[in-house]
Amino acid sequence: MKHLLIPFLTTAAALTPILPPSALHAGTVPTPMDPPQPSASASDQDWKITVWSYGWLAGLEGTTGINGLTTEVDIPFSGILDHLDMTASLNVEAQKGRWGGWVDGMYLKVSAGGNTPDPLLSSASLSVEQLLVEAALFYRVWEGQNGSLDLYGGARYMSVKQELPLSLSDSGVTRVSEELSSRVMDEITRRVKSRAPEILAEKQAQLASQIATQAGQVLDNVQAVGENHPVLAAAIKRSERLQQAIRDAATAQIQEKVATAQGVAAQVQAAARKAAARAEKALSKEIENALRETIPTSLSDSKGWVDPFVGVRGCYNFTDRFYVVGKADVGGFGVSSDLAWQVYGALGCHLSRRAVLELGYKHMSVDYTSGGFTNDVRTSGVLLNLGLKL
């Protein structure tokens, strides 16, 4: 079900002094580092602790899915504020000498709804809850008067819960049922044409049993029609009434072809054709009933996974007050996600001896699939980070 509209996993920054922030998708906001001050040294043995609160106004594109039902998502960052229900985040970083680390936590809940191009559905809506916790250690490989460079590694836990209520389209279900019924009847006709001569070659006494046998074989062969339509395949498998409707349609077609081949009276042939038409109509109705019973009114799923990652970050000081910071890491490696990576760059400013503000841009990509659960998305947008040195 494509373009279900799942504005899902993007966040907005509430730019208040506390910055109730949000990150939209997997991963965390880059933990900026304090630009070294002229009097500071990597050999200092005092603990340096900074608490960060961040906000991310990001757009989202990619593929998401529940129970094998996937949708394409393309939401610009300008529309994310309309879909945010709740968000909160906090990052704490500590450093002593060249070693340090951080712990980052984020909770996000978003929801959205809209039309879908799938003819079976008139609309769909989505609610997503996401919890993310990240822990990492870093080592400062270089530090000078103009900047510093860190190498880091860690693990990121993500838990995502998705709920997807669906609304069936009555006209769409009827149209799809008629189309599938026509395809099934075409398949029956094609196969019956090759079977009817075999039946005529047998004795008249065996005709009835052979018709029934051939009808059963047609049912088995018709399963192939559903290969390109998973919903029909599931419907045929679970509905005995639909299976019987296919048998009846096959029987009527065989009888009509046999009657024609035997050259029986025109009225007999006409009766056989009418019976075939009635069987096709009944088949269409049974397909419609089976589709309504098979398509769920709501889907939900949740997954939690852990991704390892490694990365590098660097800082360059323009002055004692202004600096730039950059960060990049890659993870997943097939442990949980096939691949997860992010890049971040920002301009920072020391507002005071304790307060630091960063304004930058972040792009993140996560490709995670498990069973019918799909989370292959790319998130990018403006990020605001406010830090307080304790």
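What ranking do Leu131, Leu60 get, fewest neighbouring Cβ atoms within 10 angstrom at the top?
So the residues, fewest neighbours to most, are Leu131, Leu60.
I need the phi-derived Karplus couplings for region 136-146: 6.51 cos²θ - 1.76 cosθ + 1.60, θ = phi - 60°, integer Hz, Gly and Pro marked x.
Whole-Hz 3J(HN,Hα) from phi for region 136-146: 8, 10, 10, 10, 7, 7, 8, 8, x, 5, 9.
Tell me, what HN-Hα J-couplings in whole Hz come from the Karplus equation 6.51 cos²θ - 1.76 cosθ + 1.60 at θ = phi - 60° for each residue of region 248-256, using x for Gly and Pro?
4, 5, 5, 4, 5, 5, 4, 4, 5
Would you mind ranking Cys349, Cys315 by Cβ crowding within 10 Å, fewest neighbours first?
With the fewest neighbours first, Cys349, Cys315 line up as Cys349, Cys315.
How do Ile254, Ile188, Ile66 rank when sorted from fewest to most other Cβ atoms within 10 Å of their own Cβ?
Ile66, Ile254, Ile188
Where a number appears in this text, it was derived from the coordinates with a stated rule and is not lab data. Small disclaimer: the values here were computed from a predicted structure and weren't measured. Positions of Cβ are generated from backbone atoms using ideal geometry, with glycine treated the same way; all protein chains shown enter the neighbour counts.
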